[in-house]
Each structure stands twice: as structure tokens, then as C-alpha cells.
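Quick notes on the structure that follows.
The values are calculated or read from the model by the stated rules, or taken from the named source; none is laboratory data. If you're wondering where the values come from, they're calculated on a predicted model, not measured in any experiment. Every residue, glycine as well, gets a Cβ built from its backbone with ideal geometry; the counts of neighbours run over all protein chains shown.
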Ligand SMILES: Cc1cc2nc3c(=O)[nH]c(=O)nc-3n(C[C@H](O)[C@H](O)[C@H](O)COP(=O)(O)OP(=O)(O)OC[C@H]3O[C@@H](n4cnc5c(N)ncnc54)[C@H](O)[C@@H]3O)c2cc1C
């Protein structure tokens, strides 16, 4: 197998790596790679920090292993290779009445990447994480053998693989249980929330299947924490979805594109576009689930220095007080972009290192400007002292000590992973930075 040197970044473009990359097209070629040297997998590189980076090492790019292997139209069980994207699955099977039970906010993510981060969607409070809908995984391990894992057989290895950031091996393929959908359109109801307490109450009280909040991270005073709640239900409408045309960001944007006055003005207009009494709209599934995917390379809007994403989840007991504190600091710093999300999370988790817990999750982007890294570090500290967690798929600045206290099953995960990969062939920049695998 040919290895090509490649410089690459996570989606936030702050952290970088130079690695030797193999890009096998068939499972047999992937096996050949492993007889030479086992190496961590990369998917579509939609994780923001260093989860998929392996500087000065090797990685296996899985994006050409993107075939559907089998589909049962009666039960909705799909078997597919690890490099298939969520959009591939949705656009192929929604017309046949099935969709992934859980989808992250981008359809570019691969099946392998969604399992490795045990991603959550706008229905986590009801449907749990992606891994809870995975029936089996074919995992190519460091010893060159492929093993089939299910929640019952090889249970510990299954739990360590789901959300295990690629440390048990390469997910060659997986079987997932999809959920029925009878239309390509979704009914979305949007309402304003005038401040944080009201917003959290609305999120708690919502009985909608899908529920997500946009939050104005520039608002201050009585408006602190205001935003827009979106509640959505699948429909049976047979109208054709109008898919918006994709656009591309042709170059890195200049620094002023997301300057504080521009963001404040944008947020004000965005908030006020929803009438005080709320409104309902029909949207295509793609527009609702992957609102940013229509703008290819939107990460270039932050300029060539890139951006940090901060995402925490906070338990119910500390969420309101901590969110108020965080939002005050964020609006005071004037560094937030318009992309800020507040969601309710439930108890669902399929792996030792699954991110969500019962509570609230806040996610925000910060252009990599002076002060941004310090602000994110401060938010990480607040998360740790509130008993919350930061998300490996997004993080680039947390410390090993902070993270060790956030993930109660970390030691169990380390035992399984270090036994499965004793030579630590699958370590990445993330696992080294956060000492996730523990002492050797
Ligand atoms: C716009 C946007 C919105 C997002 N919204 C959400 C959201 O709502 N919820 C959420 O949970 N996440 C969200 N994310 C994060 C994203 O879903 C995850 O980072 C996901 O893991 C990305 O998948 P990927 O294929 O790009 O994987 P990569 O980023 O390439 O890799 C991520 C991790 O998966 C491992 N990996 C990848 N493929 C394999 C494989 N075949 N076998 C073993 N390990 C593998 C890598 O080693 C790495 O550790 C969002 C990201 C973006 C850019």
C-alpha cells in the first residue's frame, strides 16, 4: 500500500498534523495495510480538534471504503462500510422510508466517525446516542484480525469502541438499526426564548422528537441567554423537498468578517426574524439536520488562523448557574460567533467515553483571536468544577487532569483498550495530549 505524506487539520483548523496516509479502497487492501503497520483511522475530518490527528505518524483514510453491504427494507437494518457518510445513508434510504435513528449536525460525518465519537443528535433526550442503534461492528484490530462486536458478544470491546475515539482498531463496517420516515420533509416550529431561565424551561418542557436551541451568545443583561427554540416532527407530506443549492467559501475570510459588531448585529436580526408568537415551517430533512452543510468549507469564514469549538454538557443540578456564568463571560469577552447551540440531553450513552449525560449541552465557536484560547480554557475549568464534560470531538484545549475527572468509566475503558492494543498503535494527538490511555 502506498503511503502519502499529508498535512491536515481538524475542522477547526487550529491544530495541525503531518502524517503518512494510506487510502485503501477494499477491505482486503485495508488488511494488507495492517500487516505492514496498524494505524488509527480517519473519516471525513469533521471533528474539530485533534481527535483524528496523528502528527509524525500514520493514519488510514477510510473515505473510500464507502459501500453499502446489505439492507433489509422490512426491518430497516443497514450494513455499510465505515467510510459511508450519513448523507449517503439519508439520501439513499429516506426515499425508501428509512433514516438513521440519530444524526449529528453534519451529514459529511462517516459511519466509522459517528461510532468512534458515539455522536448525538437533536433527539438525544429521546433516542440516545448513535451507538445505541448499532447492532454490530466489524473491527480490524492491532493483531490484524477482524472481530465482530455486538452489545452482547464482546460486550466490553463494543463499549470501548463506541465513543472510543478509534483506540480499539478500525471500524471496517457496521450494522445499524434505522428508524422509519415516510417523508423527506419535517415540520419545524420555532419560538423565541427571551432569556436563559425561560429557554431552559422551554427545553425541559418540550415533548418534541427533535429539539434544539440557537442561543445569542452576544446578548447581555435581561436578554442574556436569549435564543430560538426549534421543535420538529417528521411528517407524512409527499411534497418534493426543495433542496437549497450548495455554496462554497472560496477563500479564508478576513478577520473583520466575524468581528463583535458584525456578530451582534447578525444575532439581533436572526433573533427578530422569528415573530413573537412563533412560526411553523416545513423544511427538507437535510436543511433541518445539516443546516451548515450547504456552505462547503464554512470553516474558512474564521480566517486562516481557524477557530476553537467549545462544547460542554452540564448536569441538571449545576446547569443553570454554570450556564449563566459562562454566558456572562462569553458576552463580556465579545469573542463568540453566531454559531451557538443549547440542547437538552438525556441519559443515553453506549460507550465508556460517551459524551452526553442528563442535562444541557452548550456548543460555541470562537475565532482563534487573542484571548479565545484563554476563554475556552476558563470554560473548560467551569465545566469540570460543575461536574460536566467536554466533548472529545470538539476539544483542543482541555487538560488531562480536567478530563480524568469528567469521564467516570475512563479506567474501565483504559483496561479494555490497552489490552486490545498493547503497543498503542492507535494513539492520536488527542489521546497523547489528554493522556487518555493512561501510564504505560
Ligand atoms: C457542522 C458540524 C456539526 C456537528 N454536529 C454534531 C452533533 O450534533 N453531534 C455530535 O455528536 N457531533 C457533531 N459534530 C462532530 C462530528 O459528528 C464528529 O466529530 C464525527 O465523529 C465526525 O466524523 P468523521 O467521519 O469526520 O470522523 P473524523 O473526524 O475523521 O474522526 C473522528 C474520530 O473517529 C475515529 N474514526 C473515524 N473513522 C473511523 C473508523 N472507520 N474506525 C475507527 N475509528 C474511526 C478517528 O480516529 C477519530 O478518533 C459536528 C461536526 C460538524 C463539523
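Of all residues in the stretch 211-231, none are exposed (fewer than 11 other Cβ atoms within 10 Å of the Cβ) and closer than 22 Å to residue 101 by Cβ. For the condition part of a helix (DSSP H, G or I), modelled with pLDDT of 95 or more, surrounded by 24 or more Cβ atoms within 10 Å (Cβ to Cβ) and in contact with a strand residue (DSSP E or B) (Cβ under 6 Å, 6 or more places away or on another chain), residue 83 does not qualify. Between 39, 19, the distinction of being farther than 18 Å from residue 297 by Cα and either assigned to a strand (DSSP E or B) or at pLDDT below 95 (or both) belongs to 19 only.
Residues that are surrounded by fewer than 19 Cβ atoms within 10 Å (Cβ to Cβ) and without any contact (Cβ under 8 Å) to a residue 40 or more places away in the chain do not occur anywhere in the stretch 354-368.
Of all residues in the stretch 114-140, which are in a loop (DSSP other than H, G, I, E, B) and within 11 Å of the ligand (Cβ to nearest atom)? Residues satisfying the conditions are 117, 118, 119, 120, 121, 122, 123, 129.
Kindly evaluate residue 166 against the criterion of being closer than 20 Å to residue 31 by Cα, in a helix (DSSP H, G or I) and within 12 Å of the ligand (Cβ to nearest atom). When the stated conditions are applied, residue 166 does not pass them.
When 30, 45, 65 are screened for being within 11 Å of the ligand (Cβ to nearest atom) and in a helix (DSSP H, G or I), only 30 passes.
Only residues that are under 30 Å from residue 410 (Cα atoms), buried (at least 22 other Cβ atoms within 10 Å of the Cβ) and more than 10 Å from the ligand (Cβ to nearest atom) were counted across the stretch 169-196, and they come to 2.
Could you list, in sequence order, the residues of the stretch 48-59 that are near the ligand (Cβ under 10 Å from one of its atoms) and in contact with a helix residue (DSSP H, G or I) (Cβ under 7 Å, 6 or more places away or on another chain)? Within the stretch 48-59, 49, 50, 51, 53, 54 meet the criteria. Could you please find all residues in the stretch 416-436 being away from the ligand (no atom under 13 Å from the Cβ) and under 19 Å from residue 355 (Cα atoms)? Across the stretch 416-436, the qualifying residues are 416, 435.
Can you tell me which residues in the stretch 96-113 are within 17 Å of residue 288 (Cβ to Cβ), near the ligand (Cβ under 10 Å from one of its atoms) and touching a residue at least 60 places away in the same chain (Cβ under 8 Å)? Residues satisfying the conditions are 103, 105, 106, 107, 108, 109.
On inspection, residue 82 does not qualify as under 19 Å from the mean Cα position of the chain (by Cα), away from the ligand (no atom under 12 Å from the Cβ) and under 22 Å from residue 353 (Cα atoms). In the stretch 189-201 there is at least one residue matching the filter, namely being free of Cβ contacts under 8 Å to residues at least 40 places away in the same chain and assigned to a strand (DSSP E or B). Listed here are the helices (runs of 4 or more DSSP H) enclosed by the stretch 240-354 that have at least 2 residues being within 16 Å of the ligand (Cβ to nearest atom) and either closer than 20 Å to residue 189 by Cα or touching a strand residue (DSSP E or B) at 6+ places or on another chain (Cβ under 8 Å) (or both): 285-289.
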